[in-house]
Amino acid sequence: MWFCIPAHGHHNPTLPVAAELVRRGDAVRYYSFEEFREKVEATGAEYVSCDRFLPGLSAWEEAALKRVSTTEMSVVALRTTGRMDDFLREQVEEFRPDVIVSDSVCFWGKLTARKYHIPLVVSTTTFAFNQSSSQYMKSSLAEIADLIGGSRRVKAELKALEKYGYHEKSIMPLVQNDNFTDTIVYATARYQPRSETFSGHYAFVGPSLSLPYEPAKDNRRPLVYISLGTVINERPEFYRRCAEALGGEDMDVVISCGRSVDVASLGELPENIRVYPYVNQPEVLSRANVFLTHCGMNSVSESLYMGTPMVLFPQTNEQRAVARRAGELGAGLPLKGEGAADIRDAVRAVLAQESYAASAMACARDFRSAPGAAGAADFIESAPHELPEEDRRQRRSAMLAGWMQLLYWAVAVPLILLLPRWTAVRWWMAAIAANLLFGPYKKLLERKGGG
């Protein structure tokens, strides 16, 4: 049984793996949504529709999901889990799966595996995050406020799930990586931040890509590709600035603006600028010399797989982690601002400095040598994985997490007590202040604990 959330970036890496399992003769039921039916069925897996279990959303909730609100995504996922409970019980009894593969943020998949004691393999389409690698995720104040402000709603949804036999006291075990759960990561060990801090339960298989394209950068003049992905892409003003910045330059520019932006609304465009609602991204990247990207994991993986250096423009904390790692590897340059001059300067810099293209090609060689979909299929077929003895990193990680939690609350509780009782946002203020004060001590503990 394979479970995924309704998002392109979480489906795409899994499809070649599902196809490989089917090719080997395994029976795969893929629980997905109508938008992805055609892609899932193309793998040969049995598609099972889950659309009817998604809860209805108000306009405000839909807007929050478009902003990638962690609170709203958690609430929707928990409600969906409750609505699917009877259906999934019947499915488990009838199909009798040997293993469940669940997306890392697909709560109903993870909880079904736990409830019925079925071996679980987590499919992680972003980086894997533990105490060490989580340093790469720098949340904005708005994202922190969303988490703190929504904590009561999330706890209420967890409480509501108890009647179905799901007894989760915190959301964290459902979203974080641990060293005890079999986990596939669609990144190489070289690309994954702090990969040495993860246990043998992790398979860093590299990008799960099956593409008929090879890097071909022999353009008459540079080709620049611009895309903000499939979620936070309704940015017509940004596309206009890109056209302003690069119009008339000695380069060709392709912009993929998404289906929610009317191309005509962008006005008259320079001759060297072409805008489309959708393009064959891997094919364009195989020819592109620069990719201005929102830094989604799939987009960056495809870019590096094709040896294309990037201008990095992340929108969320996970994307900031991906951008940071790409920058560390020398394959991308952060966009300093959103003005036309900033865009022009960044694109010119990546084109002018050969080191960016060389670093991207080094990543391409690393990615193409990884086991990919076949390695992921091997890992799933041999689950569950038993380590010969308890990994010392697991004990160290558990001890470190305990000390971190104790130290955090030692900082946070006095702050809460000191703030005026009438302050409506005192919990928010205390949590933000505690995170800032706690940061240096957290890094010290991580160095002592070796990750």
Hey, among 358, 362, 321, which residue is touching a residue at least 60 places away in the same chain (Cβ under 8 Å) and either out of contact with any Phe, Trp or Tyr (no Cβ under 8 Å at 6 or more places or on another chain) or assigned to a helix (DSSP H, G or I) (or both)? 321
What residue, of 234, 168, is acidic (Asp, Glu) and surrounded by fewer than 18 Cβ atoms within 10 Å (Cβ to Cβ)? 234
Filtering the range 34-54 down to residues that are crowded, with 19+ Cβ neighbours inside 10 Å and hydrophobic (A, V, I, L, M, F, W, C) yields 36, 40, 45, 50
Being of a type in the set (D, E, K, R) and at pLDDT below 95, is that true of even one residue in the range 371-388? yes
Can residue 259 be described as within 16 Å of residue 344 (Cβ to Cβ), out of contact with any Lys or Arg (no Cβ under 9 Å at 6 or more places or on another chain) and not in a strand (DSSP E or B)? no
Residue among 348, 365 that is modelled with pLDDT of 95 or more, among the basic types (Lys, Arg) and closer than 30 Å to residue 11 by Cα: 365
Can you tell me which residue within the range 273-295, out of those that are open to solvent by 10 Å² or more (accessible area, probe 1.4 Å) and assigned to a loop (DSSP other than H, G, I, E, B), is modelled with the highest pLDDT? 289
Is the range 219-227 home to any residue that is open to solvent by 60 Å² or more (accessible area, probe 1.4 Å), in a loop (DSSP other than H, G, I, E, B) and touching a strand residue (DSSP E or B) at 6+ places or on another chain (Cβ under 9 Å)? yes
Determine the pairs where a residue that is closer than 26 Å to residue 13 by Cβ and at pLDDT 95 or above, located within the range 42-63, has a partner that is open to solvent by 60 Å² or more (accessible area, probe 1.4 Å) and hydrophobic (A, V, I, L, M, F, W, C) with Cβ atoms under 8 Å apart, the partner being 6 or more residues away or on another chain. 46/27
Checklist (1) closer than 25 Å to residue 373 by Cα; (2) assigned to a loop (DSSP other than H, G, I, E, B); (3) out of contact with any Ser or Thr (no Cβ under 6 Å at 6 or more places or on another chain) applied to residue 213, failing item: (3)
Total residues in the range 187-237, condition at pLDDT 95 or above and among the β-branched types (Val, Ile, Thr): 4
Looking only at residues that are surrounded by fewer than 18 Cβ atoms within 10 Å (Cβ to Cβ) and of a type in the set (Ser, Thr, Tyr) in the range 237-272, which one is farthest from residue 357 (Cα to Cα)? 265
Verdict on residue 24 being surrounded by fewer than 20 Cβ atoms within 10 Å (Cβ to Cβ) and touching an Asp or Glu at 6+ places or on another chain (Cβ under 6 Å): no
If you go through the range 311-331 one residue at a time, do you hit one that is surrounded by fewer than 16 Cβ atoms within 10 Å (Cβ to Cβ) and over 23 Å from the mean Cα position of the chain (by Cα)? no
Considering the range 76-112 alone, what residues qualify as being farther than 19 Å from residue 46 by Cα, under 21 Å from the mean Cα position of the chain (by Cα) and not small (Gly, Ala, Ser)? 76, 78, 80, 81, 105, 107, 110, 111
Can you report the number of residues in the range 332-345 which are part of a helix (DSSP H, G or I) and either surrounded by 20 or more Cβ atoms within 10 Å (Cβ to Cβ) or modelled with pLDDT under 95 (or both)? 1
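The values are calculated or read from the model by the stated rules, or taken from the named source; none is laboratory data. What you see is a predicted model, and the numbers here were worked out from it, not measured in a lab. Backbone-built Cβ (ideal geometry, glycine too); neighbour counts: all protein chains shown. Each accessible area value is taken on the protein alone, full model and side chains, heavy atoms only, with ligands, DNA and RNA left out. Shrake-Rupley method; radii C 1.70, N 1.55, O 1.52, S 1.80 Å.
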